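J.: Below is a structure I'd like to ask you about.
The values are calculated or read from the model by the stated rules, or taken from the named source; none is laboratory data. What you are looking at is a predicted structure, and each value in this text was computed from that prediction instead of being measured. Cβ placement follows ideal geometry from the backbone for every residue including glycine, while neighbour counts extend to all protein chains displayed.
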Amino acid sequence: MFLISPRALIPSLVILIMPAMILAADGVALTVTGTTQLGRDFEGKEVPWWSGGALLALDGTRFTSQPYVRAFDRNGDAMFSAPFQLADGSVHSVYRLARGSDGIVALAGSAFFNDGARSLGHFIAWIAPDGKEQHVFRTSFVPDEMTVASDGAIWAQAWDGLREKDRNRGIIRRFDRSGKLLGAFVPKSSLTKYLKVGDDIVPSHLVASRDRIGWYSINNREYIEFSLDGSEIRRYPAADLKDLRFTGAGLCDDGGLFISAEERESKERPWQVFALDRPSKTWKSVVINEGLRSRNWGMIFGCEGSALVTKTAGSGSGELTWYTPTVSDASAAAVSVPAPR
């Protein structure tokens, strides 16, 4: 059963060109406000995704010719299950799952298509809420990051470091449900680090909230936000994690942006959470109030409204832990989230 307290005001967050220094916590804290027990054990399986109000998962690994997709609601109940197959090829792997506000589940992956090509092709697809209707469109790029915006458009990261020589071509693409390109944003020439042919932009992460899309690029050391029509809102520096390893991100509906990280060498893998402070363009360490139940490891799956959805070591293999961010009055007074244009 899911339990959560009323939404609390969350701090805004931010970025520049070089990685932003992480400061001490400044009135920002996470408090456990509930858990969700799932009727499924994720131990030894692919890490699931939280998207569009649901936890999305594959049966088995992402390397399969017959992927089976499942979704669980915030109460832990199964709400969607469907197989996926290509009419003109065989799936090789699934990179990403995402869910739309209308219940569609989108997939991005690779496949061997029946067109005589010897190399892998790539696709984005979506399955209707009833699981019976499927639409597929092929892409000329590797869609290793993909999400569905609140208006239904599908966003993907389109990076091909070996073949893409046009420095002015946008690497963030927005599509309608038929696969029609609606816009391409962030030309390679605007990036601070990767400009040469053969350079790589992964790992990167696309996050979505009710009124915007965010692109968090670890290697390029930037976080860029867009309005739903693709207009760029603002750029911020990514967090300078030093010896920590990035594990997840969540963009909440009130503008709060949070990332989780863990120590690379620690056997206990203690986790940390950082919040972007938009006015100062810095990242701040967040206090995690664990209560009586110690959670020495965790990762952010995403946001649901203004709450963070996580998986922690203190929870069972089929359990989610929910945190509500809170800020002091002084911190809240400084909050300012740039509005979409």
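J.: State all residues of segment 294-341 that are at pLDDT 85 or above, among the polar types (S, T, N, Q) and within 21 Å of D77 (Cβ to Cβ); if no residue qualifies, say none.
T.: Answer for segment 294-341, where residues must be at pLDDT 85 or above, among the polar types (S, T, N, Q) and within 21 Å of D77 (Cβ to Cβ): T310, T321.
J.: Report, by residue number, each residue of segment 76-120 that is farther than 22 Å from G60 by Cβ and in a strand (DSSP E or B).
T.: F113 - this is the single residue of segment 76-120 that is farther than 22 Å from G60 by Cβ and in a strand (DSSP E or B).
J.: In the set F258, F274, F246, which member is aromatic (F, W, Y) and surrounded by fewer than 24 Cβ atoms within 10 Å (Cβ to Cβ)?
T.: F246
J.: Exactly one condition in (1) loosely packed, with under 15 Cβ neighbours inside 10 Å; (2) within 16 Å of W50 (Cα to Cα); (3) not charged (D, E, K, R) is false for S119; which is it?
T.: So S119 meets the others, but not (2).
J.: Another question about this same structure. Given (1) crowded, with 22+ Cβ neighbours inside 10 Å; (2) at pLDDT 90 or above; (3) touching a Ser or Thr at 6+ places or on another chain (Cβ under 7 Å), identify the lone condition not met by I233.
T.: It fails just one condition, (1).
J.: Would you be able to say whether some residue in segment 245-257 is more than 14 Å from the chain's Cα centre (by Cα) and more than 24 Å from E304 (Cβ to Cβ)?
T.: yes
J.: Still on this structure: Restricting to segment 48-105, name every residue that is touching a residue at least 40 places away in the same chain (Cβ under 8 Å) and β-branched (V, I, T).
T.: Within segment 48-105, V69, I104, V105 meet the criteria.
J.: Tell me, which residue of segment 260-293 that is touching a Gly at 6+ places or on another chain (Cβ under 7 Å) and modelled with pLDDT of 90 or more is farthest from R212 (Cα to Cα)? Walk me through how you get there before you give the answer.
T.: To start, the set of residues in segment 260-293 that are touching a Gly at 6+ places or on another chain (Cβ under 7 Å) comprises 260, 271, 275, 293.
Checking the rest, the ones that are also modelled with pLDDT of 90 or more come to 260, 275.
Working: S260: 21, A275: 17 Å.
It comes out as S260.
J.: For segment 78-85, check the following and say yes or no: at least one residue is under 21 Å from the mean Cα position of the chain (by Cα) and crowded, with 16+ Cβ neighbours inside 10 Å.
T.: So far as segment 78-85 goes, yes, one or more of its residues are under 21 Å from the mean Cα position of the chain (by Cα) and crowded, with 16+ Cβ neighbours inside 10 Å.
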